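Working notes, beginning with the structure itself.
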Amino acid sequence: MTPAAAPAPTRVLLVEDDLRVARVNRDLLERDPDVHVVGSAATCAQADALARALTPDLILLDVHLPDGSGLGLLRHWRAQGLTTDVALITAADDEASVRLALAHGAFDYLIKPFTGARLNDLLARHRARHHAQPGHVNQGRLDQGRLDRLLGLSPGLSSLPRGIDPNTLERVTQALRDAPHPVSAEDIGEQVSLSRVTAWRYLEHLVRSGAAQLDHQYGQAGRPAKLYRAQQPPS
């Protein structure tokens, strides 16, 4: 089968006034080959201009900036109809700031210092919200599965068992969605550069979480082949 095209890199705008912290965060983000930091801003004014000029997929926003509050900027963006995913990465750990951020449409909130694993989880949740099945984009209406992904509720992205990486899980999930017919662990492994055993482990996790279905292909010598397909939303 023809391998599915790799998803476009996630284009990130960083908004952080501490240049040292901005460099650290950029290095953490770009360890992921599927992330591209397209710009960095140190003030509200710079962030507003770059958000409109660069149209990033994701904005990582600090609260305390030299010319104002990141929360005020987020409120301004939403009032202007900017629906880009915004996550706060900040030392502001008071409940009022968190509640305001969520009320103004932030989809995540990281308190400094944070772990690399928590940042990876943020990226995985962003991808789950926006990697829709082919043919569902711009149709105006959503099925429950796509709506759950937009809400960050994609199966298996929280409370993952040991040995299941959220980024790899998202790649396997997307490859399975893109497959035109049931596929084997070997097929998926070839598409996403995993061993057959590793691909099988991720596929079995998707079956247990309800995101995939397992079919058995009989009629051949030996044990029946295991084939996997994405779980279709109920009609």
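The values are calculated or read from the model by the stated rules, or taken from the named source; none is laboratory data. Given the structure is predicted, the values throughout are model-derived calculations rather than measurements. Cβ: placed from backbone, ideal geometry, glycine included. Neighbour counts: every protein chain shown. These area figures cover heavy atoms from the full protein model, side chains too; ligands, DNA and RNA do not enter into them. Shrake-Rupley method; radii C 1.70, N 1.55, O 1.52, S 1.80 Å.
Ligands, DNA and RNA are left out, and with a 1.4 angstrom probe the accessible area of the range 32-141 is 47 Å² per residue.
When a 1.4 Å probe is rolled over the protein heavy atoms, the share of accessible surface on the range 43-84 that falls to carbon and sulfur comes to 55 percent.
Sorting Lys112, Lys226 by solvent-accessible area of protein heavy atoms yields Lys226, Lys112, largest first, with a 1.4 Å probe. Ordered from largest to smallest accessible area (heavy atoms of protein chains, 1.4 Å probe), the residues Trp200, Trp77 come out as Trp200, Trp77. Around the amide H of Asp108, modelled in the peptide plane, lie the amide H atoms of Leu88, all under 5 Å away and 5 or more residues distant in sequence or on another chain. First select every other residue whose beta carbon is under 10 angstrom from the beta carbon of Tyr228; then total the charges, Lys and Arg +1, Asp and Glu -1. Net charge in that neighbourhood comes out at -1. With the Cα gyration tensor of the range 1-121 giving a ≥ b ≥ c as the square roots of its eigenvalues, does the rule (a/c under 1.5 for rounded; else a/b larger than b/c for prolate; else oblate) give rounded, prolate or oblate? It is prolate, given that a/c is not under 1.5 and a/b is the larger ratio.
Solvent-accessible surface of protein heavy atoms, probed at 1.4 angstrom with all chains present, puts Val15, Val207 in the order Val207, Val15, largest first. Between the DSSP loop rule and a limit of at most 12 other Cβ atoms within 10 Å, which trypsin sites (Lys or Arg not before Pro) in the range 17-47 are left? Hits after loop and neighbour filter: Arg31.
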